[in-house]
Every structure is written in structure tokens, then in C-alpha cells.
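In what follows, a structure is listed as C-alpha cells, so that the remarks can point back to it.
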Amino acid sequence: MLDLVIKNGKIVSSTSVFEGDVGVKDGKITALGQDLRAEKTIDASGKLVTPGAVDTHVHLEMPIGSYVSRDDFYTGTRAAAAGGTTSIIDFVESTPDQSFSDALRERRTLAEARSLIDYGFHMTIGPEDLDKLDQIPGIMKEGCGSFKLYMAYGLHLDDAQLYKALSAVGASGGLPVIHAENWDIICSLVEENLAKGNSTPHWHPRSRPEVFEAEAAGRVIRIAGLAGSRVHIFHVSCPQVVEEISRARAKGYGVTGETCPQYLLLTQDLYDREGVEGALPVCSPPLRSDNSRRELWQALGSGLFNTISTDHCPFCREEKGADLSAFNRIPGGVPSMEVRFSAIYSEGVAKELISPSEWVRLCCSEPASLFGLKNKGEIAIGRDADIVVFDPEAEWTVKAEDLQETAGWSPYEGMVLKGRPEYTLSRGEILYNRGEVSGEKGRGEFLKTGDWG
Ligand code: MN
Ligand code: MN
């Protein structure tokens, strides 16, 4: 006897949509068909049944300068579950005298105690970590299959360092994930703008031009080619990066790309709001023009992107507004974790810019397959019963006070979205049921990434 059947829904996979029942036993999907019976039933008539969404780019309780990002592994994963996300990949950074393995253990301990959903990690390789490259095969065996390389911020690598790190990751078959921006140019433009008294958030996107995000992406793709590695470009914010990726692919480079809801729903005019309001949406790469935003949707429609993740990294109003004397002092990052799956349905599927299967491919299936999360990302027999019952007709207004996220504000505040999860299941357990989140703190399990076999 099955434990649970989700009946009469429209099952959305990354390649097709079909009607049927999904049967769950012992946390796995064990049956797909008609007229399945079980002890417990969820009626999904008129609803979509999708795989649990996979968010491969989140920063929970991440120390940045003197701040720690809001949402710890508990509040963040509650928010994820409420939004239909059942797996996340966060980050590990090691201190100079710490091995990758010890750093992973430390970060795992935090998540283990708190996470409601399953979680994995990217290992960060900063300039101080280049003598640890021989630890890559070992850390991959421990379940870290992807490696974060920065081209911006204090952790940025220069071209020689990128080449060295990409060669090592490539030789081990790992997946490098890249923050691509030209740090030297950004520093020059920030300095120039501040010297002229251009200190408001209006100048944040103007100090990080699209063309130098594209230049950095193009450069790292070529360096990866030289190093014999594939590469995944994080948070593509604009069409010029899309062009770089598409041109490189045509030439045979192994490159994949991610974009995020903030670049698909929001625009840079938000930075012109008064006081802290203009500071709230500061993130990097920055929000771009409305034309850029529209072109990103076109690129999604033509299949250029592989994943839509959030880069969820929130700070509260007080932190965002603590020092408004210069735009580069504002802690960067926005919350998107709870809204992502609905937002992409609403603005993408409901507006017919992408198909329901593309939505599932970008938010669930390809994030799982690209990062080697073998039991996630599809409604298929033998996979984990990570499932969302999604009401495509539900209209709702985003209000920070109604969200599980703890930043206390949302960049999507006031937006009316179409479509919302009714139920979210993780390994067969209902974690979200029409407005209520449940499940034991710490029930989430460590996910090994990099299982591409
Ligand atoms: Mn980044
Ligand atoms: Mn990030």
C-alpha cells in the first residue's frame, strides 16, 4: 500500500505535461498512473504537480564584513519550503589555515541543526586557497562537486589564479561556478563617482557596467577553455552576457548560465528611490534597465539559460540603511527564496514567455542535473518524493509581513503574482500546507553534489 497519492493533477516534467496520479512510499516516488490508492490522498484537480524546486545559489547566515545575512538555515529553509523549494545549495568558505574538509564540516554542522529541507554546498576557492588545490579530489568525494570562483570582491582571483584554479577543478571533473564582473574597472568607477560626489545608489549600476560583466564572463569562459574546464556563469543580469555565452557555446566552449528573479522582475530605477528605499535593492551584479530585463526573458524563451536560482542574501532595513554616505557601503543582496518559483510562473508561464516545462526545467530539473543531485529535480519513479502541488490560478499580493523570510521587506512588495504552491513535500513529508509550514527543525539532509554518474 502506498503512503500517499497526489490525485488528478497535471504533472509537469521538464519535457512534457500529462495527467495522472503520483504515488509515494517511504519518501520516494514509487508509482505514476491512474486510479492509484493510498492511506492518504491529496486532491490535485485543477492543479499542477511539479518536482520540488532546487535553488542552487543561496547565502544563509553568511558572514559578510561586519554583517551576517538574514535568514539562518531554519528560517531560510522554511521560506524555501513555503515557496516550493525543497533543495538548496549554499557555500563554504575556508579560512587560510583551514582545510576544505574542516570548513565543510563546520558549515554542515550549522545546517544539520537547523535545515528543514535538503542542502548541499559549493566550495569557495579564494586567493588564499590556491595551495589547497590538491584537496579538490578529496572534497569532491566528501560531496562538494562545485567550486565558487570570484572575479570581484576581496575574494577575487586574477587571470593567472583563475587559470590555476580552473585547471585543478577541470582535471577533477568538478563544476566551477563564477561571479563574473571586472573588479578593477568597478573599483575605478566607484572611486571616480565618489570623488565627484555621486554617492547615492543611483550610481551603483553605473559603476558596474553591463559591458564589463560581459567582458568578465567572456574572459573566464576562455580561460576555462584553456584550462580544459567547463564553467557555469552565476547571476547573469543582462543581454550582453547572454551574447557572450551564446557565442562561446557556438564555438564549442562548455558553458552554462544562471539568472535570478531579481533580474527578471526588477529594474534599476528602484535605486532612485529616496533614502533607505533606494538602498534596499542593492545587489551585484546590479538591477539593469527595463530593456535588459525584457531581453533576458527572450533569452529564457529561446532556451539559453540552464538555471534560475535566487542568490538569496538578505539584510534587514537597518543594516541596508546603516551607512548611506556611499553606495558601496551598503551590504549587497536581496531576498528572493520564497517568491522565486511563483514569480517565474507568474511572469514567465502565465504571460506565455516560457512553457510550463521550461519553468520546471529551469527551476527544478536542470539545477538538479547540472549539480549532480541525482535523486532530485524530476517527478519520476525512484526519485525522492520532493513534490509541489501548485495552484496556477491563485492570485496573491507579495507582502513581506506574510512571508517566512525574515528580512522584514521584499523587493517584490506589492506585486500581484499568479500561481502559488498549495503543498510542498520533501521526501514524502508535507512541509507546507496552504499557508502553514511544519516539519522538525534539522530534518533536512546533507546532499552530495557532483554525482553525475
Ligand atoms: Mn555573486
Ligand atoms: Mn551569490
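The numbers here are math on the coordinates, done by the rules we state, and not lab data. All figures in this text were calculated on a predicted structure; none of them were measured in a lab. Counting neighbours? That spans all protein chains shown, and the Cβs are built from the backbone with ideal geometry, glycine included.
Miscellaneous remarks
- Label separation (D184 vs F18): 5.5 nm, computed from points 7 Å beyond Cα along the C-beta direction.
- In this label model, D323 and N291 are separated by 3.6 nm, measuring between points 7 Å along each Cα→Cβ vector.
- The chain, helix-only ellipticity at 222 nm - DSSP H runs n ≥ 4, -39,500 (n - 2.57), divided by all residues, nearest 500: -8000 deg cm²/dmol
- When each of K25/K448; K141/K448; K374/K448; K376/K448 is checked by Cα-Cα distance, pairs over 18 Å: K25/K448
- Sparsely packed loop sites in region 404-453 (the GluC sites (Glu not before Pro) outside DSSP H, G, I, E and B with at most 11 other Cβ atoms within 10 Å) comprise E440.
- Qualifying aspartates and glutamates (Cα of each under 16 Å from Cα of K441; at least 8 residues distant if same chain): E61, D71, D72, E112, D118, E405, E429
- Counting only alpha carbon atoms, the long axis of helix 73-82 and the longest principal axis of the chain meet at about 50°.
- The D158 and D269 beta-carbon pair, evaluated with R₀ = 25 Å, returns a calculated FRET efficiency of approximately 0.15.
- Within the chain, DSSP assigns beta bridges of which about 50% are antiparallel (rounded to the nearest 5).
- Modelled FRET efficiency - R0 41 Å, R206 with T109, Cβ distances, 0.05 increments: 0.50
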